[in-house]
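The values are calculated or read from the model by the stated rules, or taken from the named source; none is laboratory data. Owing to the predicted nature of the structure, the values given are computational and were not obtained by experimental measurement. When we count neighbours, we look across all protein chains shown, and the Cβ atoms used for this are built from the backbone with ideal geometry, even at glycine. Surface accessibility is based on the protein's heavy atoms, side chains included, excluding ligands, DNA and RNA. Shrake-Rupley method; radii C 1.70, N 1.55, O 1.52, S 1.80 Å.
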Amino acid sequence: MAEKRNIFLVGPMGAGKSTIGRQLAQMLNMDFIDSDSVIEERAGADIDWIFDVEGEAGFRKREERIINELTQNQGVVLSTGGGSVLSKDNRNVLSARGIVIYLETTVDKQFERTQRDKKRPLLQTEDPRKTLEELAKVRNPLYEEIADITLQTDEQSAKVVATHIIELIDNLQ
């Protein structure tokens, strides 16, 4: 059964990792953890503030430590930040310590879901859509590299996607 294994959600911002992760954890009676929320909680500051003060490199170091720690838990659903896969160490621990689910979405859907969100430092640019396209070119192959399961999230509710994940995980085992 899915409950016995860690489930790690990867994918771009706006793919629904946090929303689907909460739904999945509730359905499986597991703990839900959002790595970005833990980083903010420990830092006592928002991610955009961390980016401003420490730069992306400083944020990624924090993220690596947190993901290494959180993936050592048992029986959790973990939603990771969109850029967490940039770190080889993160990709290795995610692959080794649980089932990795890549929540795939189009740039159009990402743009639609994130355009009013001011808490995404990488999108505070002149052309956020172009930024999303550039991020996808770099990150999508990394999500695919470590995914045990890939699911498209564009036109489905969180509950439908979570139900589908449970079915697919049960079939893996």
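Observations on the structure shown:
- Met13 exposes around 20 Å² of accessible area when a 1.4 Å probe is run over every protein chain in place.
- For a paramagnetic label modelled on Ala43 (point 7 Å from Cα along Cα→Cβ), amide N atoms under 14 Å away are absent within the range 13-30.
- Counting 0.36 nm for each residue step from Ser157 to Glu145 and taking away their Cα separation leaves a gain of 1.8 nm.
- With loop membership from DSSP and a limit of 10 other Cβ atoms within 10 Å, the longest segment of the chain without GluC sites (Glu not before Pro) is 1-125.
- Expected-Rg normalisation [2.2 N^0.38 Å, Cα atoms] applied to the range 1-68: 1.24
- Applying the Kirkwood pairwise sum to the alpha-carbon positions of the chain produces a hydrodynamic radius of 16.1 angstrom.
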